[in-house]
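The block underneath contains the structure these notes are about, expressed in structure tokens.
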Amino acid sequence: MSSSSNLHKRMYGGVWKWAGTFRRSDKNIGVTWTQIPMALRGLIDDTKYWIENKTFSEDEIAIRFKHRLVSIHCFPNGNGRHSRIMADLIAQHIFKKPVFTWGSANLVKAGDVRNKYLAAIRQADRDNIDPLLQFSRS
């Protein structure tokens, strides 16, 4: 076994045995599990178009990507964290902007800030991206 495989096993083996592997069952949210690769391809293609054509502001592109990614729900768990990291990477590496602050709190733990975040997600689900865009820089 390679040293990188050993490192991966030590980092994730006891935590998420499925780390990096798409879910293999349907959930009450997300696309049908067999459609995950196609939904991701569509998201990436759309995002490339948004960037090339300056369809939205830079922050809005990253947040729209995050929202669509979490709605695809690629993994059994950790989809919110994954989507926020991806939005941060888009902001930082594609647009050369600071990462998002995400309410300056731990969004995994229950509380007022997480509730505000989830309310903003629900608004985005109803085609109102503005609350999530505002929350991302709060």
Roughly what angle does helix 36-53 make with the longest principal axis of the chain, taking Cα atoms, 0 to 90 degrees, to the nearest 10?
40
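If you average 1/r across every pair of different Cα atoms in region 36-136 and take the reciprocal, what Kirkwood value do you get, in Å? Display every interim value, and only then the final one.
Numbers: mean 1/r = 0.0725 Å⁻¹.
The answer is 13.8 Å.
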Inter-label distance, nm, simple model (7 Å from Cα along the C-beta direction), T21/K109:
3.2
For the residues H67, H93, what sequence is obtained by ranking on other C-beta atoms within 10 Å, fewest first?
H93, H67
Given points 7 Å out from each Cα along the Cα-Cβ axis, report the I29 to K54 separation in nanometres with one decimal.
3.4
If you line up the long axis of helix 112-125 against the longest principal axis of the chain, both from Cα atoms, how many degrees apart are they, to the nearest 10?
80
The chain: most fluctuating residue of I29, I121, I85 per GNM, C-alpha cutoff 10 Å
I29
To the nearest 20 debye, what is the magnitude of the charge dipole of the chain about its Cα centre, counting +1 on the Cβ of each Lys and Arg and -1 on the Cβ of each Asp and Glu?
560
Identify the residues of region 44-74 with backbone N under 11 Å of a label point that sits 7 angstrom from the Cα of F95 along the Cα-to-Cβ direction, or state none.
51, 55-66
Taking only Cα atoms, what is the 0 to 90° angle, nearest 10, from helix 79-89's long axis to the longest principal axis of the chain?
60
Taking 8 Å as the Cα distance limit and 6 or more residues as the minimum spacing, I'd like the relative contact order of region 36-136 as a percentage.
21
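Bear in mind that the values in this text are calculations on the coordinates, not laboratory data. Just so you know, these numbers come straight off a predicted model, no measurement behind them. Cβ: placed from backbone, ideal geometry, glycine included. Neighbour counts: every protein chain shown.
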